[in-house]
Each structure stands twice: as structure tokens, then as C-alpha cells.
Amino acid sequence: MSETILVCGHKNPDNDSICSAVAAANMHNIIAERERDRYSEEDFPVYKAVRLGPLPPESAWVLAQQGIEPPELIERIEPGQKIVLVDHNEPQQAVDGIEEADIVEVVDHHRVAGLTTANPVKMVFMTWGCTATILTKMYEAYRVPITQHMATIMLSAILTDTVITKSPTTTDTDREVIQQLAHIAMVDATEFGLKLFKQRGGEETMDIAKLVCADSKEFPVAGKTVLIAQRETVDLPCVMAREDEMRSYMRDLVEEKGYEFVLLLVTDIMAEGSQFIVEGNPEIVEKTFGITCQQGGTWMPGVLSRKKQVAAPLLQA
Ligand code: MG
Ligand code: MG
Ligand code: MG
């Protein structure tokens, strides 16, 4: 017998939420094994990576390439379940049942909002571009060797979260860690990054819900709930060709979920900017960004980061 501790990223998982869950679980299992004599049989911890939604295509690709089992899909957790949160901390973005769970650790690079815990908790927060950057530093701090497999998946997370270092969320630490991990992974970071983004094809025929919402997060803004979705693409015209369909789906979401608005950023990682598409009440978006929301969307040059360039100003509205 042993005690299972879940390691989980956010809802609508992105590559960081998947790979950081795997890398954190691996790190903790190695540390636990090293300290085995501290535990009894029953409370020896076994960390298990889980996920809250479909595997992003780049995660499926990199995990298969490295021969790593994808995290198991779960929907909710039992009261008292021990859990480590990676890449998020807002209860709205966490697994259902989180209110009664026992959060033992949080490793994250987002704003802090709404989290309460039953017990003392280890929290590792840094304002770096990716959770996997923080985890790389934790591997070092705990003197856990970084294998080629772990280096490859953590590198993939940093490259997708920082949009191959083009995002303004990228810090010098991310750049250093990218070089360090690329060396262990034996890949060229930029080439590997482009390969990751190219896994996201099929946008012309992709299910509309997936096209709009695969990477979406709810936020409370001015006492209301809003949804900010992001589609990072290497083929902007292909996504924009489906504008009417996307808008109609977004209007349905506003209706069904009662969102104040749904904002979709269609981010062109090559042109380094985003097309803003809004349904619902556009007032807060228009005021915050000084734009007029219109058919065809509004091109916002240089906007690549939902967190830093979109959510943060909206949350201050
Ligand atoms: Mg994330
Ligand atoms: Mg992240
Ligand atoms: Mg992202």
C-alpha cells in the first residue's frame, strides 16, 4: 500500500500543463524513493500525473516520441485527495472538487487568486515564462538528474509557453534554461519549437468547439465571468476563414454559460500579433484596449501573451 498524490495542470490543458505534471510527478517520485526510509509502507507517496482535458497535439507528439505514457484523464477528485497543482492556482481553472481536496504543493507562474488550503502548503511561484522553467530549477535544487526524456518534454513546454521566446513573458532565465535543456535533449531549440507548433495543423476541418476553446480560460472581470480563448497558429488565414462559424459558436457560449463576453485571440506566431474576435458585450474589451470590435476582427500587433497583454489589463478594468 502507498498513498497516491495527483499532479495536475489546469482545465483545457496546454502543453505546459501536461509536461509539467509529468515532470513534477517524476521529480517527486525520485525524491520519495531517495527518502524511502522516512515513510511507512502505507504513507509512501506515489505521485501520479493526471490531466483535465484532451491532450494538445504537440503534447501527444512529444510524449510519444519520448515513450512516455500521457497523464490519465480525470474529471473530479474525492474529498481529502492529496494533489499538487502545476501551471495554475485559480480554483475556477482547477479540477472539480478542488475545494475539498488537500493541496500539498503549487508550482506556478500566474497571478494568485482565490486559493485556500486546509494544511500548510509548499508554494513555488516565479514570474518566469513557463512552469517547466521553475521545475528545471527545482530539479537542480533537489539534485535530481534531468534525463534526456525529461529535458525534452520540459523544453517543449517552455517553447510553447514562450512561443519560441517571442512572447513578452520570456525572461532571461527561460532563455538560459532553454539552452541548458536543449543541450541535454540534443536538439536545436528553435527547430524543435517549430516542429512542436507544426503539430497543430488541421485547423480547416477541426471541430469548431476545439478550434475556439481548446486553450481557453475563465476569469472574473468586474463581478462577471468572461472567457478568454487563444488559438496560436502558423496559418492565420486558414483560421480566419472560419470567422462566421467561430462567432456563432462564441455567441452560443455567451448564451449558455452567461459570459459577459468571449474574447478569442487568434495569434499568428510568425507575424507576431493577434486578431481579437469578441462576442457578447464588447464594452470592457473596447475600453481597455481602445479598439472597436468588428467583423473581421481587430489586428493587435505584438500581442502574443494572453496572461500579460490581455488578461492582466482586463482584470484591472
Ligand atoms: Mg498553461
Ligand atoms: Mg504555463
Ligand atoms: Mg499559453
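Among the residues of the range 222-247, write down those that are crowded, with 20+ Cβ neighbours inside 10 Å, under 18 Å from Ser305 (Cα atoms) and of a type in the set (Val, Ile, Thr).
The answer is Val226, Ile228, Thr233.
What residue, of Gln309, Gln294, is polar (S, T, N, Q), open to solvent by 40 Å² or more (accessible area, probe 1.4 Å), within 16 Å of ligand 3 (Cβ to nearest atom) and not in a strand (DSSP E or B)?
The match here is Gln309.
Counting only residues that are open to solvent by 40 Å² or more (accessible area, probe 1.4 Å) and closer than 21 Å to Glu232 by Cβ, which one in the range 268-291 is nearest to ligand 1 (Cβ to nearest atom)?
My answer is Glu272.
Applying the selection to the range 61-100, what residues are touching a residue at least 24 places away in the same chain (Cβ under 8 Å), among the small types (Gly, Ala, Ser) and under 29 Å from Ser305 (Cβ atoms)?
Ala94
Take the residues of the range 1-24 that are open to solvent by less than 10 Å² (accessible area, probe 1.4 Å) and hydroxyl-bearing (Ser, Thr, Tyr): which is nearest to ligand 3 (Cβ to nearest atom)?
Residue satisfying both the conditions and the ranking: Ser17.
Based on this model, can you work out whether Thr131 counts as out of contact with any helix residue (DSSP H, G or I) (no Cβ under 6 Å at 6 or more places or on another chain), within 19 Å of Leu6 (Cβ to Cβ) and of a type in the set (Val, Ile, Thr)?
Answer is no for this residue.
Take the residues in the range 149-164 that are without any contact (Cβ under 8 Å) to a residue 60 or more places away in the chain and away from ligand 2 (no atom under 13 Å from the Cβ), then tell me which one is nearest to the chain's Cα centre (by Cα).
Leu155
Given Val7, Val46, which one is of a type in the set (A, V, I, L, M) and within 16 Å of ligand 1 (Cβ to nearest atom)?
Val7
Kindly indicate the residue of the range 205-221 that is away from ligand 1 (no atom under 15 Å from the Cβ) and in a strand (DSSP E or B) and also surrounded by the fewest Cβ atoms within 10 Å (Cβ to Cβ) among those meeting that condition.
Among residues in the range 205-221 that are away from ligand 1 (no atom under 15 Å from the Cβ) and in a strand (DSSP E or B), the one surrounded by the fewest Cβ atoms within 10 Å (Cβ to Cβ) is Pro220.
Only residues that are open to solvent by 10 Å² or more (accessible area, probe 1.4 Å) and within 17 Å of Val310 (Cβ to Cβ): list them for the range 248-267, please.
Passing the criteria: Tyr259, Glu260.
Filter the range 25-43 down to residues that are surrounded by 16 or more Cβ atoms within 10 Å (Cβ to Cβ) and free of Cβ contacts under 8 Å to residues at least 24 places away in the same chain and give me whichever is farthest from ligand 1 (Cβ to nearest atom).
Step by step, filter the range 25-43, then rank; the result is Ala32.
Here are some conditions: (1) within 16 Å of ligand 1 (Cβ to nearest atom); (2) β-branched (Val, Ile, Thr); (3) out of contact with any His (no Cβ under 7 Å at 6 or more places or on another chain). Thr131 meets all but one. Which one does it not meet?
(3)
The values are calculated or read from the model by the stated rules, or taken from the named source; none is laboratory data. On a predicted model such as this, the values are computed, not experimentally measured, just so you know. With ideal geometry, Cβ positions are generated from the backbone for all residues, glycine too; neighbour counts draw on all protein chains shown. These accessible areas exclude ligands, DNA and RNA; they are computed on the full protein's heavy atoms, side chains included. Shrake-Rupley method; radii C 1.70, N 1.55, O 1.52, S 1.80 Å.
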